[in-house]
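Notes follow the structure.
The values are calculated or read from the model by the stated rules, or taken from the named source; none is laboratory data. Just so you know, these numbers come straight off a predicted model, no measurement behind them. Don't worry about glycine lacking a Cβ; one is built from the backbone with ideal geometry, like all the others, and counts go over all protein chains shown. Accessible surface areas use protein heavy atoms only, side chains included; no ligands, DNA or RNA. Shrake-Rupley method; radii C 1.70, N 1.55, O 1.52, S 1.80 Å.
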Amino acid sequence: SSEWGIWMRLADLIGGVVVLILGLAVLFFSYQLDYYSEFGPGPGFLPLWVGIFITGCAIYLIIDVFRKQGKAEAFFKPRTRLGLKMLITIIITFLLFPLLGFSIGLALFTGFTMRMMGKHHWISCGLTAVVTAIAIHFIFGQLLYIPLPKGMIGW
């Protein structure tokens, strides 16, 4: 119904404005940090670019609300179910980190999302997961000496 569409556009507009405020706040606070440091990017480097990205996405959403005014939209868009599956996968992955550790948890997440999003063969997903676990463990743990959560499995 058209009344439902009005409420959905209003919700999108309110959400866009809230995210815009968040993005502007991130930008404001990132300017209080040094962009460069003695050794390269400083503590303000990443927050500045995250703030720019968040603000840009919010502006796009707000413009899109006004551009689509008058067009009826369904509540559940075709890929909404896939988005919900992805959100559940992310939550489960974070809950499993204490048990599996970062390397194995992220590797399983990578393999599973490859299968879910791209419908790749299980063999490709499994090989990618194994390579991801080894790469994360080697690059961060051995080359960069960055301690990652190991979990109960110890890897």
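Kindly express, to the nearest 10 degrees and within the range 0 to 90, the angle between helix 102-118's C-alpha long axis and the longest C-alpha principal axis of the chain.
That works out to roughly 50 degrees.
Would you count, across the chain, every pair of lysines whose alpha carbons are under 21 angstrom apart, provided the pair is eight or more residues apart or spans two chains? Before the final figure, lay out each step's value.
On the way: 68/77; 77/85; 77/119; 85/119.
Within the chain, the lysine pair count is 4.
Evaluate the distance, in nm, between pseudo-label points positioned 7 Å from the Cα of residue 10 and of residue 99 along their respective Cα→Cβ axes.
Output for this residue pair reads 4.4 nm.
What is the percent carbon and sulfur in the accessible area of the chain, measuring with a 1.4 Å probe over the protein chains and ignoring ligands? Walk me through the numbers on the way to the answer.
Working: 8590 of 11330 Å².
Using a 1.4 Å probe with all protein chains present, the chain comes out at 76 percent carbon and sulfur.
Using C-alpha positions alone, give me the convex hull volume of segment 1-47 per residue in cubic angstrom. Don't skip to the end; give the middle numbers.
On the way: hull volume 2.3 nm³, N = 47.
Here the figure is 49 Å³ per residue.
For the chain, what is the accessible area per residue in Å², given a 1.4 Å probe and the full set of protein chains? Numbers along the way, then the final one.
On the way: 11330 Å² over 155 residues.
Value returned for the chain: 73 Å² of accessible area per residue.
Quick one: Debye curve from the C-alpha atoms of segment 7-155, no solvent, what's log10 I(q)/I(0) at q = 0.20 Å⁻¹?
The Cα Debye sum returns log10 ratios of -1.12.
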